[in-house]
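Data block below; observations after.
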Amino acid sequence: RYPPNEFGIYRGTDRVYDAWRAARERGELRTEYLGMRPVPELDGKPCHAIRRTCLTPEEDGLTHVTIQFDPDTLLQVGAVLMAGDELIGRYHFAHLKLNPRLSVDRFTPDSLK
């Protein structure tokens, strides 16, 4: 659904922010905090879940979006996009490691072959 240069945690969160801000400016932002819920795609990790219901269908017929936030890092680690009962897309960032330590030889010419 998204090319590599538009994929990732930052881009996904940025898209959510832009869409939700635009909905708020139109007076159409409807959200519900669903609480901490285990996310199967993240090995059952409990995450904060927030659902937005679109008053009028948006791009691709989008009617609601559920986003999930890691309670430890507060990063958005999941999103589920629905058009009625039809799944449009499901994005999850499992096994996320922030600032991992990499060995100095990780990016040598030989290691990139």
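State the extension gain, in nm to one decimal, for the chain segment bounded by Asn99 and Ile9, taking 0.36 nm per residue of separation less the distance between their alpha-carbons.
31.0 nm
Is it possible to state the helix-based mean residue ellipticity at 222 nm for the chain, with each DSSP H run of 4+ residues giving -39500 (n - 2.57), the sum divided by total residues, to the nearest 500 deg cm²/dmol? What is it?
The helix contribution divided over the chain gives -5000 deg cm²/dmol.
Could you tell me which GluC sites (Glu not before Pro) in segment 10-54 are loop residues by DSSP with no more than 15 other beta carbons within 10 angstrom of their beta carbon?
On the way: sites: Glu25, Glu28, Glu32, Glu41; in loops: Glu28.
Listed in order of number, the matching sites are Glu28.
So, with a 1.4 angstrom probe, what is the percent of accessible area on the chain that is carbon and sulfur? Mind showing how you got there, number by number?
Numbers: 4230 of 7920 Å².
In the chain, the share of accessible area belonging to carbon and sulfur is 53 percent.
Take the Cα gyration tensor of the chain, multiply each eigenvalue by 5, square-root it, and list the three semi-axes largest first, rounded to whole angstrom. Display every interim value, and only then the final one.
Details: eigenvalues 191, 58, 34 Å².
Semi-axes (√(5λ), whole Å): 31, 17, 13.
Over the chain, with the other protein chains present, what is the accessible area per residue in square angstrom, probe 1.4 angstrom?
Numbers: 7920 Å² over 113 residues.
Using a 1.4 Å probe on heavy atoms only, each residue of the chain averages 70 Å².
Using a Gaussian network model on the chain with a 10 Å cutoff between Cα atoms, which of Leu98, Leu29, Leu87 fluctuates the most?
The residue with the greatest mean-square fluctuation here is Leu98.
Just to make sure I understand: if all protein chains stay in place, what is the order of Tyr33, Tyr91, Tyr10 by accessible area at 1.4 Å, largest first?
Numbers: Tyr33 130, Tyr91 45, Tyr10 155 Å².
From most exposed to least exposed: Tyr10, Tyr33, Tyr91.
The values are calculated or read from the model by the stated rules, or taken from the named source; none is laboratory data. Note that the coordinates shown come from a computational prediction; the quantities given were computed from them, not determined experimentally. Please note: Cβ atoms are built from the backbone with ideal geometry, for glycine as well, and neighbour counts cover all protein chains shown. Remember, those area values only see protein heavy atoms, side chains included, never the ligands or the DNA or RNA. Shrake-Rupley method; radii C 1.70, N 1.55, O 1.52, S 1.80 Å.
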